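Report on one structure; see the data block that follows.
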Amino acid sequence: GFKLPVQTRRSKVVWSIGAVLLESPVIVGDMVFCVDILGNKLFRWNMEKKVGYVYSLPEQVSSIAPLTSEWRASIEINHKIDLDEVAYTLLCSGESGFSTILINGSRVCFLRFLNPEKKSERTRFNDGKLGPDGWFYSGTMDLQESEPLGSFYKCSPQGEVNQIQGKFSVFNGP
């Protein structure tokens, strides 16, 4: 029979960060960003310089996504901000719903723009991604991971939010 060649590659730890629940890796240029959902931290790894940066976040963030030109234009118009003056900008979902994270030096600023769910003691946003259609997709989950309290949402750069589906115990995807 035909056998495929097996290649073994070894992983190498480049930065031991001690996160509680590390999620949502995103590559922007030569930077890798990810969040520690339960530790309220944002991590940035410079692949070229092999240097890591840690940012404390003012609230829980569960997913991040790179900024597209459509999102950039919407943020600049709606918040009257020149993003050319900001080092890094990421879309996110988390405690305040859909937001934007602005990073300059060691400073982190949130632009909160839409929360499709009232602040709940029983649910939180869990996972999200930017879709090829330019919408940011994200879902919520039951903190106890047992009851179908979560929902799946999509948010446009213009601020329109639609619930796609409900009744998730744990939303993991899109």
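The values are calculated or read from the model by the stated rules, or taken from the named source; none is laboratory data. Remember, it's a predicted structure, so these values are computed and weren't measured experimentally. Positions of Cβ are backbone-derived with ideal geometry, glycine not excepted, and every protein chain shown enters the neighbour counts. Quick note on the areas: whole protein, heavy atoms, side chains included, nothing else; ligands and nucleic acids left out. Shrake-Rupley method; radii C 1.70, N 1.55, O 1.52, S 1.80 Å.
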Original post:
Considering amide H positions built from the backbone, and no H for Pro or chain starts, which residues 5 or more places from Gly39, or on another chain, come under 5 Å of its amide H?
Top reply: Val20, Leu21
**OP:** Could you sort 120-127, 86-93 so that the peptide with the highest average Cβ count within 10 Å comes first and the rest follow in order?
**Re:** 86-93, 120-127
**OP:** Take every Cα pair under 8 Å in the chain that's 6+ residues apart, average their separations, divide by the length, and report that relative contact order as a whole percent.
**Re:** 13
Original post:
Of all the accessible heavy-atom surface of the stretch 9-143, with the other protein chains kept in place and a 1.4 Å probe, what percent is carbon and sulfur?
Top reply: 51
**OP:** Report, ordered by chain and residue number, the lysines lying within cross-link reach of Lys12, taken as a straight Cα distance under 19 Å and ignoring same-chain residues fewer than 8 apart.
**Re:** Lys49, Lys50
Subject >> Relative packing of peptides 154-160, 7-13, 113-119 - highest average C-beta neighbours within 10 Å first >> reply: 154-160, 113-119, 7-13
**OP:** Per residue, how big is the convex hull around the C-alpha atoms of the stretch 5-100? Give it to me in cubic angstrom, could you?
**Re:** 146
**OP:** Determine Rg/Rh for the stretch 6-52; Rg is computed over alpha-carbon atoms and Rh is the Kirkwood hydrodynamic estimate from the same atoms.
**Re:** 1.03
Original post:
Given a Förster distance of 30 angstrom, what is the FRET efficiency for Leu111 paired with Ser11, based on the Cβ-Cβ distance and rounded to 0.05?
Top reply: 0.25
**OP:** Kindly provide the Kirkwood hydrodynamic radius of the chain in Å, to one decimal, from all pairs of distinct alpha carbon atoms.
**Re:** 17.2
Subject >> In sequence order, calculated HN-Hα J values of the stretch 127-144 (Karplus, 6.51, -1.76, 1.60; Hz; x Gly/Pro) >> reply: 8, x, 8, 7, x, x, 8, x, 7, 9, 9, 7, x, 10, 9, 6, 4, 7
Original post:
When we measure straight from the Cα of Lys167, which lysines land under 30 angstrom away, once same-chain ones fewer than 8 places off are left out?
Top reply: Lys41, Lys118, Lys119, Lys129, Lys154
